[in-house]
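Chemist: Below you will find the structure I want to go over with you.
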Amino acid sequence: MYAVVGCNECGTYWILSDPGETATCPRCGKRHRTGKLKRFVETDDRDAARQARAAILAKKRGESETFADLDSVAEMGRQVEGSGVDDREYLEGSGLDADEVADAGDATGSSGSSRSRREIVED
C-alpha cells in the first residue's frame, strides 16, 4: 500500500510506503503520527502513487495544464534510464581504459599483493 501524504509543517508531499506508527518528513525532518497524516491518495501501485504526487505538485504550482501534456512519471523514468552514456563510454571519453578500471575495482589486495587499492587505481 502506498499513500501520498503531506507535511503540515513545511508543505512537502511524499509517498509513504510502510505506514508504521510514525513517519518523518523527508524535507524538514518533522516526525508525524501516520494515523494523523492526511492521505491524499492511497493505492497498491507505486507508479500510480508517484503519478498522483506529481499531479498534486503540478497543481500546487499552477502547472496542471502543462503536467497533463507530459508522459507519465513512470514513462519519463524509463526515458531517463535509456538516455545518457554508459560507464564504459564515459570512462573511455575521459581518456581512461574501461577494462583497466574494472580490473582495478576487482582487485581486493587479498591475493598476496602488497599494493593497496588506491595504488592500483592510481596506476
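Chemist: Return the calculated 222 nm mean residue ellipticity for the chain, to the nearest 500 deg cm²/dmol, obtained by summing -39500 (n - 2.57) across DSSP H runs with n ≥ 4 and dividing by the residue count.
Modeler: Computed ellipticity for the chain at 222 nm equals -11500 deg cm²/dmol.
Chemist: Under 20 Å Cα-Cα from Lys38, which aspartates and glutamates qualify once same-chain neighbours fewer than 8 residues away are excluded?
Modeler: Filter leaves Glu9, Asp18, Glu21, Asp47.
Chemist: Further, regarding this structure: Over all distinct Cα pairs, what is the inverse of the mean 1/r for the range 4-50, reported as the Kirkwood hydrodynamic radius in Å?
Modeler: Details: mean 1/r = 0.0924 Å⁻¹.
By the Kirkwood definition, the hydrodynamic radius is 10.8 Å.
Chemist: If you don't mind, another one. Could you work out the relative contact order of the chain, using alpha carbon pairs under 8 angstrom and six or more residues apart, expressed as a whole percent?
Modeler: In percent, rounded to a whole number, it is 17.
Chemist: Go through the range 23-71 and name the GluC sites (Glu not before Pro) that are in a DSSP coil and have 16 or fewer other Cβ atoms within 10 Å of their Cβ. It would help to have the intermediate numbers written out before the result.
Modeler: On the way: sites: Glu42, Glu63, Glu65; in loops: Glu63.
Filter output for the range 23-71: Glu63.
Chemist: Could I ask something else about it? What number in nm² do you get for the range 39-108 if you take the convex hull of its Cα atoms and divide its surface by four?
Modeler: 8.4
Chemist: Enter the angle in degrees (range 0 to 90, nearest 10) between the Cα long axis of helix 46-60 and the first principal axis of the Cα atoms of the chain, meaning the one along which they spread out most.
Modeler: Between the helix axis and the principal axis of the chain, the angle is about 60 degrees.
Chemist: With all protein chains present, how much of the accessible area of the chain (probe radius 1.4 Å) comes from carbon and sulfur, to the nearest whole percent?
Modeler: C and S fraction of accessible area: 45 percent.
Chemist: For every other residue with a beta carbon closer than 12 angstrom to the beta carbon of Met1, add +1 if it is Lys or Arg and -1 if Asp or Glu, then tell me the sum.
Modeler: -2
Chemist: Accessible area per residue for the chain in Å², computed with a 1.4 Å probe and the full protein assembly in place, what is it?
Modeler: Working: 8970 Å² over 123 residues.
I get 73 Å² per residue for the chain.
Chemist: Using a Debye calculation, one point per C-alpha and no hydration shell, please list log10 I(q)/I(0) for the chain at q = 0.09, 0.12, 0.15, 0.22 Å⁻¹ in order.
Modeler: Debye intensities relative to I(0), on a log10 scale: -0.52, -0.71, -0.78, -1.23.
The values are calculated or read from the model by the stated rules, or taken from the named source; none is laboratory data. Quick caveat: nothing in here was measured; it's all calculated off a predicted structure. Please note: Cβ atoms are built from the backbone with ideal geometry, for glycine as well, and neighbour counts cover all protein chains shown. Ligands, DNA and RNA are excluded from the accessible area calculation, which covers all protein heavy atoms including side chains. Shrake-Rupley method; radii C 1.70, N 1.55, O 1.52, S 1.80 Å.
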